[in-house]
Amino acid sequence: MQEARTGHFSPLFGAGMLVVLTAACGQSSGNREAPVAVQTLANARADAILLAAAKVALPPPGVEPGDLAEPTSRGAGLVVKFCGQCHSLPSPAMHSATDWPRVVRRMWLRMDRLPDSLGIRTADEGDRGTVLTYLTTNALRVSGAELPQGQGREEFAVICSRCHALPDIKIHSSGDWPSVFLRMERNMERMNVRPPTQAEGGKILLYLQDVAKTQK
């Protein structure tokens, strides 16, 4: 007890302090490493999210170079040359003339930032202009500002706008819409976009057929 009062430490007290200090140092080191581990997990999760998102709404397979509008034109050739490097060929009718500039700008930005090791060819300003002109010239014909009234109108407006602008219903006849609608459902599944339910699909198809009949 005298040793403690005069400022001296017993061997037992010294050993105890060593254990405490060692534990504290270990905890401090762990705390330094913990934020790094947390950040690594966060980065891995962010990469997984981006990869999953990048696979949504890509052009569905099935479009061949000969299926493109004006397949022998320079614009069609450039779409095959540049767009086909990363995903299936896009049909110009995938988007409206209003939407294509935004879509194409996003694609060029992504291509410009890809590492050279991937060997992706990117277009110069002239070729980019040609591609955009080709896509907008052959783009999806869209509906007017006001959709005709009818049962299924709301389902058509919400579900079909997930992938593109609402199409002009008059571009297909009432008899043609069932096959077109079935193709769109398959495309949505291939593009990882939720297709309509059976009830929603029935309403949309009846709406398209009824409007197509009355709009002749």
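Provide a single number: the residues in segment 186-208 that are at pLDDT below 95 and of a type in the set (D, E, K, R).
Total satisfying the criteria: 4.
Out of ALA52, ALA57, I need the residue that is surrounded by fewer than 13 Cβ atoms within 10 Å (Cβ to Cβ) and modelled with pLDDT under 95. Which one?
On the way: ALA57 fails: surrounded by fewer than 13 Cβ atoms within 10 Å (Cβ to Cβ).
On inspection, the qualifying residue turns out to be ALA52.
Report yes if some residue within segment 206-213 is outside any helix (DSSP H, G or I) and either open to solvent by less than 40 Å² (accessible area, probe 1.4 Å) or basic (Lys, Arg) (or both); otherwise report no. Explain how you work it out, then say what you get.
Step one: of segment 206-213, the residues outside any helix (DSSP H, G or I) are none.
No, segment 206-213 has no match at all.
In the list ALA46, ALA69, which residue meets the criterion of being at pLDDT 85 or above, under 34 Å from the mean Cα position of the chain (by Cα), surrounded by 10 or more Cβ atoms within 10 Å (Cβ to Cβ) and under 22 Å from LEU114 (Cβ atoms)? Break it down into steps so the answer makes sense when it comes.
Working: ALA69 fails: under 22 Å from LEU114 (Cβ atoms).
Going through ALA46, ALA69 in turn, the sole match is ALA46.
So, in segment 121-136, how many residues would count as being within 24 Å of the chain's Cα centre (by Cα) and open to solvent by 50 Å² or more (accessible area, probe 1.4 Å)?
At the first step, the residues of segment 121-136 found to be within 24 Å of the chain's Cα centre (by Cα) are 121-123, 128-129, 131-136.
Narrowing further to those that are open to solvent by 50 Å² or more (accessible area, probe 1.4 Å): 121-122, 132-133.
Counting residues in segment 121-136 that are within 24 Å of the chain's Cα centre (by Cα) and open to solvent by 50 Å² or more (accessible area, probe 1.4 Å) gives 4.
Given the structure, is SER117 modelled with pLDDT of 95 or more and surrounded by fewer than 13 Cβ atoms within 10 Å (Cβ to Cβ)?
Details: modelled with pLDDT of 95 or more: yes; surrounded by fewer than 13 Cβ atoms within 10 Å (Cβ to Cβ): yes.
When the stated conditions are applied, SER117 passes them.
If you take the residues in segment 95-114 that are closer than 20 Å to THR133 by Cα and either in contact with a Cys (Cβ under 6 Å, 6 or more places away or on another chain) or among the hydrophobic types (A, V, I, L, M, F, W, C) (or both), which one is most open to solvent (accessible area, probe 1.4 Å)?
LEU109
So, of the residues in segment 154-183 that are of a type in the set (A, V, I, L, M), in a helix (DSSP H, G or I) and surrounded by 14 or more Cβ atoms within 10 Å (Cβ to Cβ), which turns out to be nearest to the chain's Cα centre (by Cα)?
In this case the residue turns out to be ILE159.
One residue is enough: does segment 79-86 have a residue meeting the conditions loosely packed, with under 14 Cβ neighbours inside 10 Å and within 23 Å of ARG186 (Cβ to Cβ)?
No, segment 79-86 contains no residue that is loosely packed, with under 14 Cβ neighbours inside 10 Å and within 23 Å of ARG186 (Cβ to Cβ).
The values are calculated or read from the model by the stated rules, or taken from the named source; none is laboratory data. Treat the numbers as computed from the prediction; the structure is a model and nothing was measured. Virtual Cβ from ideal backbone geometry, glycine too; neighbours counted across all protein chains shown. Each accessible area value is taken on the protein alone, full model and side chains, heavy atoms only, with ligands, DNA and RNA left out. Shrake-Rupley method; radii C 1.70, N 1.55, O 1.52, S 1.80 Å.
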